[in-house]
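Below you'll find the structure, written out as structure tokens, and then a few comments.
What follows is calculated from the coordinates using simple rules that are stated; it is not laboratory data. Computed from a predicted structure; not experimentally measured. Every residue, glycine among them, receives a Cβ derived from its backbone with ideal geometry; neighbour counts consider all protein chains shown.
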């Protein structure tokens, strides 16, 4: 039976829900003391070692409302040392989506995208990128690129930034993956879905103290298909922690 795509669009709009964002900050203080007549030179408190728990708390991010609050759409895998961008999709046929990216992409081994079952049982895609690629200059194309409709990449460093844009068109759903320093994004086009308007929402971490990513519905523009876009950026302090944790 053929899916009537005009019935799918309302589900897309319902699935993408507004999320809040809050910022918080704090500081730690310590004091030094002397004992008797003999003073002890003051020392700076040692910096706690970086931990994967701190990284995942800072980075794993969800939409703060609707059906996707139960699991992060941006997820750090400490064991594999990768970042995963989970692109929630509608009940569309995934067809021959596996694999999308070549397994032996020169210089970008470990980058993959394919159909996945979300933790809530719904279907979607999952982009996996080694963290090491986001912690060193991944320059291959300058400027990096734009969306397929030539709009600037939402929630991403300037489109003039060095990076690599990988586009694969031979499958049912055209895919472009963007990799730059401390930033990664993916666009999955859905040509058969006539998306008339675009909108997007921030993705925040568990305690809503950081805005880590952005999820957007991209409308049809000219001959360029609409689709779903997901981006994530690694904050500078988190990238410093990752530099001491990730194996290069």
Assertion target for 136, 172, ordered by fewest C-beta neighbours within 10 angstrom first, is 136, 172
Using mean Cβ contacts within 10 Å as the protection proxy, how do 116-125, 52-61 order, highest first?
52-61, 116-125
Peptides 225-233, 201-209 ordered by average Cβ neighbours within 10 Å, highest first
225-233, 201-209
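Fully extended, how many nm does the chain gain between residue 105 and residue 80 (0.36 nm per residue separation, minus their Cα-Cα distance)?
My answer for the length gained is 7.2 nm.
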Taking a crude spin-label model, label points 7 Å out from Cα along the C-beta direction, the residue 245 to residue 54 distance in nm is 0.9
For the range 129-248, how big is Rg over Rh, using alpha carbon atoms and the Kirkwood form of Rh?
0.99
